[in-house]
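**Student:** Here it is, the structure in full.
The values are calculated or read from the model by the stated rules, or taken from the named source; none is laboratory data. Source: prediction; values computed, not measured. Cβ atoms come from the backbone with ideal geometry, glycine included; neighbour counts cover every protein chain shown. The area values use the complete protein model at the heavy-atom level, side chains included, leaving out ligands, DNA and RNA. Shrake-Rupley method; radii C 1.70, N 1.55, O 1.52, S 1.80 Å.
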Amino acid sequence: MKEIILSLIIIASLALGSYAQREPNYSDEQGKKQGFWRKRNEDNRKVYEGHFVDDIPTGKFTYFYSSGTVKSVTYFSNNGKLARATMYTIGGKISATGNYINQKRDSIWTFYSEQGKKISTETYVNGIKHGTAKVYYPNGNLVEKKEWVNGKLNGPFTKYFNNGQVRYTCAYLDDKVHGKALIYFSNGRVYATGVYKNDLKDGTWVYYKKDGSLDHKEQYANGRLYGDDPNVITQEQAEEERKKYQESSGNRQQNMYNNGGNFSPGTR
């Protein structure tokens, strides 16, 4: 019996010795990675290190910045299809945690500040944002909450004051604000209410004072404000005018270039 045990120990030792000689960066006769691998770039800096079984990453893998500090630590399972990752800043702080399935982000990812505070969460399916996303204040209260559907904002959107009081509610349709919107004072009373159509204010918007009494009303059509004062414009109108000015300015500069520095007729 002792002789059998001794033989098994010798065989195991020889096998381990043979395996150790293969490491690191061993590929078998079929070209499949086996055992411990440490990849380096052209400057001989570490890119990653971890173990393979039949060319499939298994267990812990560590990835590095070019400076040599850890970029991420990932644990592979389910035949290499599932990976649980922890990402780090170049200064060594955790920046994000989440799952990969078939090398694409999946389920809930959590992101952190340099101070270690949770700043946001995002939900992914097959590498695409799909589900609830949240942003947080440093005290842990919500800044905003929104819904993604196949990579586009769709559904309710809510913003909050730092004390947790609702600040703004609306809805998105294919990445654009669409439908009724409510804006609140920090005391919980409504400041303004109205409707958006394709990111633009439309119809009657009603504004209130902090005591809840009516302040004034505004009438919009596709983002343009109509009223007695022709000088009053909305933010949407101001942005539109700014873009027009930039385009016009760019055209004038091009005309100056084409005409040796002189404005062509009709460009002033």
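**Student:** Can you tell me how many residues within segment 112-121 are open to solvent by 40 Å² or more (accessible area, probe 1.4 Å) and part of a strand (DSSP E or B)?
**Tutor:** Within segment 112-121, residues that are open to solvent by 40 Å² or more (accessible area, probe 1.4 Å) and part of a strand (DSSP E or B) number 3.
**Student:** I've got another one for you. Just for strands (runs of 3 or more DSSP E) wholly inside segment 158-268: which have at least 2 residues that are among the hydroxyl-bearing types (S, T, Y), surrounded by fewer than 12 Cβ atoms within 10 Å (Cβ to Cβ) and at pLDDT 95 or above?
**Tutor:** Output list is empty.
**Student:** Further question: Examine segment 136-145 for a residue that is within 30 Å of N163 (Cα to Cα), polar (S, T, N, Q) and either at pLDDT 95 or above or not in a strand (DSSP E or B) (or both), and state whether such a residue exists.
**Tutor:** Yes, some residue in segment 136-145 is within 30 Å of N163 (Cα to Cα), polar (S, T, N, Q) and either at pLDDT 95 or above or not in a strand (DSSP E or B) (or both).
**Student:** How many residues are in a strand (DSSP E or B) and surrounded by fewer than 17 Cβ atoms within 10 Å (Cβ to Cβ) if we restrict to segment 98-109?
**Tutor:** The total comes to 5.
**Student:** Find the residue count for segment 71-94, including only residues that are exposed (fewer than 15 other Cβ atoms within 10 Å of the Cβ) and of a type in the set (A, V, I, L, M, F, W, C).
**Tutor:** Result for segment 71-94: 2.
**Student:** Another question about this same structure. Is it the case that segment 36-44 has a residue that's within 21 Å of T97 (Cα to Cα) and either open to solvent by less than 40 Å² (accessible area, probe 1.4 Å) or modelled with pLDDT under 95 (or both)?
**Tutor:** No, segment 36-44 contains no residue that is within 21 Å of T97 (Cα to Cα) and either open to solvent by less than 40 Å² (accessible area, probe 1.4 Å) or modelled with pLDDT under 95 (or both).
**Student:** Going through segment 146-157 one residue at a time, which ones are under 20 Å from A181 (Cβ atoms) and open to solvent by less than 80 Å² (accessible area, probe 1.4 Å)?
**Tutor:** Listed by number, the residues that qualify are K146, E147, W148, V149, L153, N154, G155, F157.
**Student:** Which residue pairs have Cβ atoms under 8 Å apart, sit 6 or more places apart or on different chains, and have a first residue in segment 50-79 that is more than 14 Å from K32 (Cα to Cα) and of a type in the set (A, V, I, L, M) and a second that is open to solvent by less than 50 Å² (accessible area, probe 1.4 Å) and in a strand (DSSP E or B)?
**Tutor:** V70/T62; V70/F64; V73/F61; V73/T62; V73/A85; V73/T86
**Student:** Could you tell me whether any residue of segment 66-75 is under 23 Å from V149 (Cα atoms), part of a strand (DSSP E or B) and not aliphatic (A, V, I, L, M)?
**Tutor:** no
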